[in-house]
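Before any comments, here is the structure.
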Amino acid sequence: METCFHPRLELIAPEELAALQLKRLRASVRRAAASPHYRETFAALGLKPGSIKTLDDVKRLPFTTKADLRAGFPNGFLAVDRRQAVRLHASSGTTGAPTAVYHSQADLRSWTGLCARSLFMIGLRPEDVFQNMVGYGLFTGGLGLHYGAEALGALVIPAGVGNSRRQVALMRQFGSTALHMIPSYALKLQETFRDMGLDPRRHTSLRLAVLGAEPHSELTRRRVEEIYGLKAFNSYGLSELNGPGVAMECPRQEGMHLWEDAFLLEIVNPATLEPVAEGETGEVVLTTLVRQAMPLIRYRTRDLASILPGPCPCGRPHRRLSRIEGRSDDMFIIKGVNVFPMQVEAVLMAEPEVGGNYLIELTREGSEEVMTVRAEVAEQARRMDAGKMAGLRKRLCAALKAEILLTPRVELAAPDSLPSGPGKAQRVDDRRRGGE
Ligand code: ADP
Ligand code: ZN
């Protein structure tokens, strides 16, 4: 079947997949036991790697948290001789101190394979020109899909982040057909096209985009597709588990296939750590099944998602993850209400007159907590009159109230006026401390 890069593993029968997972889980637990961290934790629990007999036995294994990775920094999780490790990556440190991840040559081969099959699945082919507009270096987004795209034979432009005019020039000079970018940057880059007097739909050959590394709503995806005249696919990964190539949407664009031959998937209630009921949202927990240098057991990603019901019409048995609804550490509490930035984004993006960039500010006025949503208006709404502006603000307030159950202040800003950078967007500015 031409739609699969690795048909044997992508179209594996469910019972065969389960057998493969069990075999790989047992090997992975044995390998993990060679690392200082798991040697100690297994010993403390009296757990013998050989006692894992069924897939359900994974529940007897300890969870691994980001705090464990930090405590084990830099070598506590290394399960092979350091000389066998050939690559070091580190998480971008969005939420604190970085963590180190080692890869052996075999690890890089299997990661590359996962990225290649993900890209092939969305339609990338050897004739494509893949402009990779995310960070190279310790951040895994760049190198991960770079090697994947090369492995399937596409021409790769390792453009990296920023330098927007150059990005546009590269797209035109080399006829880029596919882009990899962070969604907030994808929305931002349209301004550069505008400044250069160009229309991305007419003046490029783009047909595919991979959007990853940060949460974004369905409406943001549609905006990106509309702006560039292409199909955009959601791509999920995290550096602790390689990086990109953990889960990717197929052409149906309904959930991301999580590659279950490489990762054992659980969704747990973050408070009780018990499995959630089928289809319910919870924390994604992943166990590496093929990694050698640094196996991770039941890694708590802190990302919240659910599993979509039923099989995918594309035929891949790998279960589909919903959009990441937020990360448990993204959530903020205001006036006793739990809010995820993604809920705010979904409301904003439903209004065509709202632009791509927004910021949520949390402040304190006396004893009162105040939430202010500052949103840029879209370029075409730049000259909106005061009456229309007031109407838009009123609509947004009402829609936000319906979504998050409290009424924030809404301030509309001129296009391109809020802070933004080429990396992951910071959506929440919490300035409530100090006022306490
Ligand atoms: P950091 O945790 O420092 O940001 P990474 O660069 O490894 O480190 O980022 C991984 C995180 O990025 C994931 O845990 C997840 O929260 C987020 N992420 C990655 N891809 C997506 C996606 N497609 N949708 C939503 N969030 C994503
Ligand atoms: Zn599918």
Between helix 164-173 and the chain: long-axis angle, C-alpha atoms, 0 to 90°, nearest 10: 70 degrees
Quick one: check the C-alpha center-to-center distance for region 225-282 versus region 74-141, whole angstrom. 17 Å
What does the charge dipole of the chain about its Cα centre add up to, to the nearest 20 debye, if the Cβ of each Lys and Arg holds +1 and the Cβ of each Asp and Glu holds -1? 780 debye
Residue-span extension gain [residue 389 to residue 97] - 0.36 nm each, minus C-alpha spacing: 100.9 nm
Counting only DSSP beta bridges with both residues in the chain, what percent are antiparallel, rounded to the nearest 5? 60 percent
Return one number: the angle in degrees, 0 to 90 and rounded to the nearest 10, between the long axis of the Cα atoms of helix 386-404 and the longest principal axis of the Cα atoms of the chain. 30 degrees
With labels modelled as points extended 7 Å from the Cα through the Cβ direction, what inter-label distance (nm, one decimal) is found for residue 338 paired with residue 15? 4.0 nm
Could you report region 332-435's accessible area per residue, 1.4 Å probe, as an integer in Å²? 51 Å²
What is the ratio of the Cα radius of gyration of region 1-328 to 2.2 N^0.38 Å, where N is its residue count, to two decimals? 0.99
Taking region 6-73 as the region of interest, what is the percent of Cα-Cα pairs per 10 angstrom bin, listed from the shortest bin to the one with the maximum distance? 18, 43, 26, 13, 0
If you average 1/r over all unlike Cα pairs in region 233-383 and invert the result, what Kirkwood radius do you get in angstrom? 17.6 Å
Work out from phi, with θ = phi - 60° and the Karplus expression 6.51 cos²θ - 1.76 cosθ + 1.60, the ³J(HN,Hα) of each residue of region 51-63, listed in order in whole Hz, and give x for Gly and Pro. 7, 7, 10, 9, 5, 5, 5, 4, 5, 7, 7, x, 6
Other-chain or far-sequence residues with amide H under 5 Å of residue 303's (modelled H): 284, 328
Between 336, 113, 162, which gets the highest mean-square fluctuation from a Gaussian network model of the chain, Cα cutoff 10 Å? 336
In the structure displayed, which of 335/424; 388/424; 23/66; 231/394; 335/394 lie more than 29 Å apart, Cα to Cα? 388/424; 231/394
In whole angstrom, note down how far apart the Cα centers of region 344-366 and region 4-33 are. 43 Å
Segments 340-352, 143-155 sorted - mean Cβ within 10 Å per residue, highest first: 143-155, 340-352
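The values are calculated or read from the model by the stated rules, or taken from the named source; none is laboratory data. What you are looking at is a predicted structure, and each value in this text was computed from that prediction instead of being measured. No Cβ is skipped: glycine too gets one built from the backbone with ideal geometry, and neighbour counts run over all protein chains shown. With ligands, DNA and RNA removed, areas are computed over all heavy atoms of the protein, side chains included. Shrake-Rupley method; radii C 1.70, N 1.55, O 1.52, S 1.80 Å.
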